[in-house]
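A.B. asks: Handing you a structure now.
The values are calculated or read from the model by the stated rules, or taken from the named source; none is laboratory data. No experiment lies behind these values; they were computed from the predicted model shown. FYI the Cβ positions are ideal-geometry reconstructions off the backbone, even for glycines, and counts take in every protein chain you see.
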């Protein structure tokens, strides 16, 4: 970032301690009793010069600039662990950290290259991968079941399935999308997708990556697209999209009934169970994603689905449910692996798969599209490729297709 | 120090390129245009020079689809003026573009004086990198291409430019200003412009319009484009497998069959 251009100075000067502490949530920050639970539970708390506790202490002293010129917040993976543990109920991950992170990014001389590219891609193409927006629905061709694309066939639908970027483009995400489509089809759900009119929900660009302007733009686009079609509810397979819709689209009038695919299928277990015929005969451990777990408390739904699969033995990692360790992909972390490595920090995905390996499980299951390639990469790095990583929906389809 | 950066929109190859029905160009309805990456680097170098020496950065471009987005982004990053030349036709050749830009620069007083003219050393639709040298020759200014670093002396009358040369060599040149430089890379990655700033620039800044001088006037002669086509798939690689002896034998057979041995 330029230090001297007038535009930069203007944007920086808008942020003041007063404006932060004016909001009710901001005022709540003043009730912090400096217990340090946040710093202790933060997965990168050990390498941050300014973990949440110290950010608050420094802000209260009025020495904001020291916090904002430190790069500590680049290590915030928006995992909501600090927020979940705060005895004062300060909504750190929703209010304080995104605001501070935005200002940190504005002051950063250089944004780490991969993160910058992801942000630019989101603006130019509506996805961080930098793929053609005209090919967002290409995966449908090999879905194996019919997937209706609303712009081509705009009849009203029960479920508007928001596929999200990884699900539409990432080779591993596409496999999960195919499994999701098969489950919708098997349950005879009336569903359709937005196809090429869908754009990144933007959760990763929000406070999480410190780029609220980009988030606003993506949100405006998606809200306008939702307005064009008739549907009863939005069901998304993107844990981060779910998080964005639930917690950050409300400000602009998002009023649609919203579900994530994992609880959606869990609610239909009576209908699903008779279809699960094949014994998978494996030991599975489940990783709670930050958005679905800590931020939305869907702890039992995925486990209920896994237990319904014949021959699945569910085992738990030492950190599970509210204590789950982030895969390191949130808050822009998905594009900061090289940066973390260059700083000598342990990759969180590697820390997490070590816990999974310790359970003796054959399969590491998850419900968030970021995690699957992250964990697969971590297993390769650790040379433990006997373990496979599967989305819960993929295991269900495997048991269904026996 | 007054720096002019010539920007150009090029087809975005993230999208499939399709040919127009007449086969002499790309289907302009299907093409999506983005700022040429090397021009973005030229802009970055200009902004770095401005940060060091003060002065003004003006971006200048021939009208093209989606150009306004690129011009507003340049303003949001720190450019002082954005000027769009209209009426030069759709997708002009590099020679035509250089002619129009040269005439505009000579005639338009508000664009004078200028100490440095920077542009990308090439573009994906101008791999010969002709724009900068043509422009320099039309304006009677010195030109250096494949420049990776620029420093300017205090009086802004001379610049030192580092140029990439074959075999990994780098050469440093002293050049009198004003000069035209074809930029290969800036000293750092082009900066990120937060969308909030971009949108603020779209609201508060304006793009100045300049009409292109009438065509034909002292135009450089351009070769005529007869046909454009996608490369045809021609045969496949054949892998020779087996032991060293077997592979050598097969290789000799192939070479002698083709009369090469």
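A.B. asks: Would you call residue B:78 farther than 27 Å from residue B:223 by Cβ, surrounded by fewer than 18 Cβ atoms within 10 Å (Cβ to Cβ) and free of Cβ contacts under 8 Å to residues at least 60 places away in the same chain?
C.D. replies: For residue B:78, the condition - farther than 27 Å from residue B:223 by Cβ, surrounded by fewer than 18 Cβ atoms within 10 Å (Cβ to Cβ) and free of Cβ contacts under 8 Å to residues at least 60 places away in the same chain - is not met.
Conditions tested, residue by residue: (1) within 22 Å of the chain's Cα centre (by Cα); (2) surrounded by fewer than 24 Cβ atoms within 10 Å (Cβ to Cβ); (3) in the same structural domain as residue A:289 (by TED's automatic domain parsing).
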residue	(1), (2), (3)
A:53	no, yes, no
A:61	no, yes, no
A:64	no, yes, no
A:73	yes, no, no
A:78	yes, no, no
A:88	no, yes, no
A:95	yes, yes, no
A:101	yes, no, no
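A.B. asks: Within the group B:194, B:178, which residue is in contact with a helix residue (DSSP H, G or I) (Cβ under 7 Å, 6 or more places away or on another chain) and surrounded by 14 or more Cβ atoms within 10 Å (Cβ to Cβ)?
C.D. replies: Only one candidate qualifies: B:194.
A.B. asks: When you go through A:250, A:210 one by one, which is the residue that is at positive phi and at pLDDT below 95?
C.D. replies: That would be A:210, the only listed residue that is at positive phi and at pLDDT below 95.
A.B. asks: Restricted to the stretch B:14-43, and to residues that are within 12 Å of chain A (Cβ to nearest Cβ) and more than 26 Å from residue B:86 (Cβ to Cβ), which residue is modelled with the highest pLDDT?
C.D. replies: The extreme case among them is B:14.
A.B. asks: Restricting attention to the stretch B:52-89, and to residues there that are in a helix (DSSP H, G or I), modelled with pLDDT of 95 or more and within 14 Å of another protein chain (Cβ to nearest Cβ), which single residue is nearest to residue B:188 (Cα to Cα)?
C.D. replies: This residue is B:77.
A.B. asks: Separate question: In contact with a strand residue (DSSP E or B) (Cβ under 9 Å, 6 or more places away or on another chain) and not in a strand (DSSP E or B): is that true of residue A:180 in this structure?
C.D. replies: Yes: the conditions hold for residue A:180.
A.B. asks: Within the stretch B:112-135, work out how many residues are more than 16 Å from residue B:42 (Cα to Cα) and either modelled with pLDDT of 95 or more or touching a helix residue (DSSP H, G or I) at 6+ places or on another chain (Cβ under 6 Å) (or both).
C.D. replies: 1
A.B. asks: Now for a separate question. Kindly indicate whether residue B:187 is in a loop (DSSP other than H, G, I, E, B), surrounded by fewer than 18 Cβ atoms within 10 Å (Cβ to Cβ) and either modelled with pLDDT of 95 or more or within 14 Å of chain A (Cβ to nearest Cβ) (or both).
C.D. replies: yes
A.B. asks: Would you please name the residue that is nearest to residue A:326 (Cα to Cα), looking only at residues in the stretch A:109-122 that are crowded, with 19+ Cβ neighbours inside 10 Å and in contact (Cβ under 8 Å) with a residue 24 or more places away in the chain?
C.D. replies: Filtering the stretch A:109-122 for residues that are crowded, with 19+ Cβ neighbours inside 10 Å and in contact (Cβ under 8 Å) with a residue 24 or more places away in the chain, the one nearest to residue A:326 (Cα to Cα) comes out as A:115.
A.B. asks: Then there's this: In contact with a helix residue (DSSP H, G or I) (Cβ under 9 Å, 6 or more places away or on another chain) and more than 9 Å from chain A (Cβ to nearest Cβ): does that describe residue B:208?
C.D. replies: yes
A.B. asks: Here's something else I'd like to know. Out of A:97, A:73, A:59, report the one residue that is more than 29 Å from residue A:164 (Cβ to Cβ), away from chain B (no Cβ under 14 Å) and part of a helix (DSSP H, G or I).
C.D. replies: On inspection, the qualifying residue turns out to be A:59.
A.B. asks: Considering A:236, A:285, which residue is assigned by TED's automatic domain parsing to the domain that holds residue A:187, touching a helix residue (DSSP H, G or I) at 6+ places or on another chain (Cβ under 6 Å), buried (at least 17 other Cβ atoms within 10 Å of the Cβ) and under 29 Å from residue A:92 (Cβ atoms)?
C.D. replies: That would be A:236, the only listed residue that is assigned by TED's automatic domain parsing to the domain that holds residue A:187, touching a helix residue (DSSP H, G or I) at 6+ places or on another chain (Cβ under 6 Å), buried (at least 17 other Cβ atoms within 10 Å of the Cβ) and under 29 Å from residue A:92 (Cβ atoms).
A.B. asks: Of the conditions (1) assigned to a strand (DSSP E or B); (2) under 21 Å from residue A:365 (Cα atoms), residue A:192 satisfies every one except a single condition; which number is it?
C.D. replies: (2)
A.B. asks: Now, a different point. Is there a residue being away from chain A (no Cβ under 14 Å), in contact (Cβ under 8 Å) with a residue 60 or more places away in the chain and under 18 Å from the mean Cα position of the chain (by Cα) anywhere in the stretch B:108-117?
C.D. replies: Among the residues of the stretch B:108-117, at least one is away from chain A (no Cβ under 14 Å), in contact (Cβ under 8 Å) with a residue 60 or more places away in the chain and under 18 Å from the mean Cα position of the chain (by Cα), which makes the answer yes.
A.B. asks: Now, a different point. Any idea which of B:168, B:120, B:182, B:129 is at positive phi and under 21 Å from the mean Cα position of the chain (by Cα)?
C.D. replies: Unique residue meeting the criteria: B:129.
A.B. asks: Moving on. Restricting to the stretch A:119-159, count the residues that are touching a helix residue (DSSP H, G or I) at 6+ places or on another chain (Cβ under 9 Å) and part of a loop (DSSP other than H, G, I, E, B).
C.D. replies: The qualifying residues number 18.
A.B. asks: For the stretch A:100-118, which positions are within 14 Å of chain B (Cβ to nearest Cβ), touching a helix residue (DSSP H, G or I) at 6+ places or on another chain (Cβ under 7 Å) and in a helix (DSSP H, G or I)?
C.D. replies: Once the filter is applied, which keeps residues that are within 14 Å of chain B (Cβ to nearest Cβ), touching a helix residue (DSSP H, G or I) at 6+ places or on another chain (Cβ under 7 Å) and in a helix (DSSP H, G or I), the stretch A:100-118 yields A:101, A:102, A:103, A:104, A:106, A:107, A:114, A:115, A:118.
A.B. asks: Right, something else. Any residue in the stretch B:225-237 that is outside any loop (DSSP other than H, G, I, E, B) and either more than 14 Å from every other protein chain (Cβ to nearest Cβ) or under 30 Å from residue B:71 (Cβ atoms) (or both)?
C.D. replies: no
A.B. asks: What pairs come up if the first residue lies in the stretch A:123-138 and is more than 11 Å from chain B (Cβ to nearest Cβ), the second is assigned to a helix (DSSP H, G or I), and their beta carbons are under 6 Å apart, counting only those six or more places apart or on different chains?
C.D. replies: These pairs meet every condition: A:126/A:133; A:128/A:118; A:128/A:121; A:128/A:122; A:136/A:168; A:136/A:196; A:137/A:195; A:137/A:196.
A.B. asks: For the structure I just gave you, tell me whether residue A:380 is farther than 25 Å from residue A:246 by Cα, within 22 Å of the chain's Cα centre (by Cα) and either part of a loop (DSSP other than H, G, I, E, B) or free of Cβ contacts under 8 Å to residues at least 60 places away in the same chain (or both).
C.D. replies: no
A.B. asks: Does residue A:231 qualify as being surrounded by 13 or more Cβ atoms within 10 Å (Cβ to Cβ), outside the structural domain of residue A:321 (by TED's automatic domain parsing) and touching a strand residue (DSSP E or B) at 6+ places or on another chain (Cβ under 6 Å)?
C.D. replies: yes
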